[in-house]
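Presented below is the structure to which this report refers.
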Amino acid sequence: MSKKATQLPIWDRPVRLFHWSLILLVALSFASAKSGAWGLHYVSGYAILTLVLFRVLWGFFGSENARFAHFLKSPAAALRQLARFPQREADRETGHNPAGGWMVAALLALLLAQTISGLFANHDPGFTYSQHGPLAFSVSTASSAAASALHLVVQNYLLVAIGLHVLAIMLYKLVKGHELVMPMLTGEKLLPEGTKAPRLAPGRLALGLLLLAGAAVFLFIRLF
């Protein structure tokens, strides 16, 4: 890091609230499934789906560094960035780096697949009313069984992706000296002087998009 550095606002409040709320909800989903608290499991699933849909919308209309166009670079750029990983260098990123951007996209895709498949899944051979997704009876038994299988498979991939994400954060701290956790808590990051802060979108836009995502989930479940 250059001797001259300054604290810059890089992560808006909606992104930070999304990030930490998602961690809590994913943990709640796994715990409630393991304990058989299906009512709580479904509620957490609805909330996760709402948050993921919000994040997708925020990826098109939100803050500059939250937009997919900002952080989804070519696979070649991600590989070049990973090749430089062992080098200890100043952190100049005002958002996700190319490799991190693809991890974000992968996690969002897995969470979307996990929550949607859960809507149609059933959890036991008897296909009882106490252990099925809210839309399981709106499709054929074969389709519900396929959704159940997908739900279990994606769960494993999701756990691997989460583990890799946490490992990467730890390695960036240990190997490169980059602090990635605190900026997601405070919204600010110490960056070389002269770095341009990203444009942050207003909170009222985030609230509107969150309400839109919640309404979409509610209507989909009620009208499917």
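Below are the figures for this structure:
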quantity: Only listed residue being assigned to a loop (DSSP other than H, G, I, E, B) and in contact with a helix residue (DSSP H, G or I) (Cβ under 8 Å, 6 or more places away or on another chain), chosen from Phe85, Phe54; calculated: Phe85
quantity: Contacts under 8 angstrom Cβ, first residue in the stretch 41-57 being within 19 Å of His132 (Cβ to Cβ), partner not in a helix (DSSP H, G or I), 6 or more apart; calculated: Tyr42/Gly133; Tyr42/Pro134
quantity: Options Glu188, Glu193; residue that is modelled with pLDDT of 95 or more and in contact with a strand residue (DSSP E or B) (Cβ under 6 Å, 6 or more places away or on another chain); calculated: Glu188
quantity: Qualifying position, being within 18 Å of the chain's Cα centre (by Cα), open to solvent by 20 Å² or more (accessible area, probe 1.4 Å) and over 27 Å from Ile221 (Cα atoms), among Leu53, Leu110, Leu57, Leu72; calculated: Leu72
quantity: Lone unmet requirement of (1) out of contact with any helix residue (DSSP H, G or I) (no Cβ under 6 Å at 6 or more places or on another chain); (2) modelled with pLDDT under 95; (3) among the polar types (S, T, N, Q) for Ser63; calculated: (2)
quantity: Residue under evaluation Ala161, criteria (1) surrounded by 15 or more Cβ atoms within 10 Å (Cβ to Cβ); (2) closer than 19 Å to Ala47 by Cα, criterion not met; calculated: (2)
quantity: Within the stretch 129-147, considering residues that are over 27 Å from the mean Cα position of the chain (by Cα) and open to solvent by 50 Å² or more (accessible area, probe 1.4 Å), the one modelled with the lowest pLDDT; calculated: Tyr129
quantity: Qualifying residue in the stretch 179-188 (condition: more than 25 Å from Leu57 (Cα to Cα) and either more than 19 Å from the chain's Cα centre (by Cα) or in contact (Cβ under 8 Å) with a residue 60 or more places away in the chain (or both)); calculated: yes
quantity: Qualifying residue in the stretch 7-15 (condition: surrounded by fewer than 16 Cβ atoms within 10 Å (Cβ to Cβ), out of contact with any strand residue (DSSP E or B) (no Cβ under 8 Å at 6 or more places or on another chain), of a type outside the set (D, E, K, R) and assigned to a helix (DSSP H, G or I)); calculated: no
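Table: residues versus (1) open to solvent by less than 20 Å² (accessible area, probe 1.4 Å); (2) over 25 Å from Arg13 (Cα atoms); (3) part of a loop (DSSP other than H, G, I, E, B); (4) in contact (Cβ under 8 Å) with a residue 12 or more places away in the chain.
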| site | (1), (2), (3), (4) |
| --- | --- |
| Leu152 | no, yes, no, no |
| His165 | no, no, no, yes |
| Ile169 | no, no, no, yes |
| Lys173 | no, no, no, no |
| Leu190 | no, no, no, yes |
| Gly194 | no, no, yes, no |
| Pro198 | yes, no, yes, yes |
| Arg204 | no, no, no, no |
| Leu207 | no, no, no, no |
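The values are calculated or read from the model by the stated rules, or taken from the named source; none is laboratory data. Please read all numbers here as calculations on a predicted model, not as lab measurements. Counting neighbours? That spans all protein chains shown, and the Cβs are built from the backbone with ideal geometry, glycine included. Each accessible area value is taken on the protein alone, full model and side chains, heavy atoms only, with ligands, DNA and RNA left out. Shrake-Rupley method; radii C 1.70, N 1.55, O 1.52, S 1.80 Å.
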